Amino acid sequence: MRANVNALSEIKQRIASLKGNNINLSVNRGRKKIDNLKGFIENIYPSVFTFLTEEKSRETFSYFDVLCGIVTLD
């Protein structure tokens, strides 16, 4: 359990360091559907972060999504 807490805090720090930078984000939506998004991390909150795509669409993801591999940052 302690390892997950440390991993989660490392993920939060990594995402905070990428805030405002242009990045590629891959989201596994299930059933072999993977969305590749380009944009930047707009805001960081205690449980989630928001991602603004180039098409001006706002997506919200949890840090746990990154930990589980549903969301990957390139």
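Points to keep in mind about this one:
- Stretch in the chain that is longest and holds no trypsin sites (Lys or Arg not before Pro) that DSSP places in a loop and that have at most 14 other beta carbons within 10 Å: 33-55
- Partners for residue 12 among lysines (Cα-Cα distance below 23 Å; same-chain residues under 8 apart left out): 38
- Straight Cα distances below 16 angstrom link residue 56 to the aspartates and glutamates 35, 42, with same-chain residues fewer than 8 positions distant left out.
- Sulfur and carbon atoms: percent of accessible area, the chain [1.4 Å]: 50 percent
- Per residue accessible area of the chain, 1.4 Å probe, in Å²: 69 Å²
- The accessible-area ordering, largest first, of the residues 66, 71, 48, 5 stands as 5, 48, 66, 71, per a 1.4 angstrom probe.
- Residue-wise HN-Hα couplings along region 59-70, as the Karplus relation 6.51 cos²θ - 1.76 cosθ + 1.60 with θ = phi - 60° gives them from phi, are 10, 10, 10, 8, 5, 5, 4, 6, 4, 7, x, 5 Hz; Gly and Pro carry x.
- Angle of helix 2-18 to the longest C-alpha principal axis of the chain, folded into 0 to 90 degrees and rounded to 10: 40°.
- Computed over the chain, relative contact order equals 29 percent, with contacts defined as Cα pairs under 8 Å that lie 6+ residues apart.
- Where labels lie 7 Å past Cα in the beta-carbon direction, separation of residue 72 and residue 48 in nm: 2.4 nm
- Applying a DSSP loop filter and a limit of 10 other Cβ atoms within 10 Å to the GluC sites (Glu not before Pro) in the chain leaves 54, 55.
The values are calculated or read from the model by the stated rules, or taken from the named source; none is laboratory data. Given the structure is predicted, the values throughout are model-derived calculations rather than measurements. All Cβ positions, even for glycine, are placed from backbone atoms using ideal geometry, and neighbour counts span all protein chains on display. Each accessible area value is taken on the protein alone, full model and side chains, heavy atoms only, with ligands, DNA and RNA left out. Shrake-Rupley method; radii C 1.70, N 1.55, O 1.52, S 1.80 Å.
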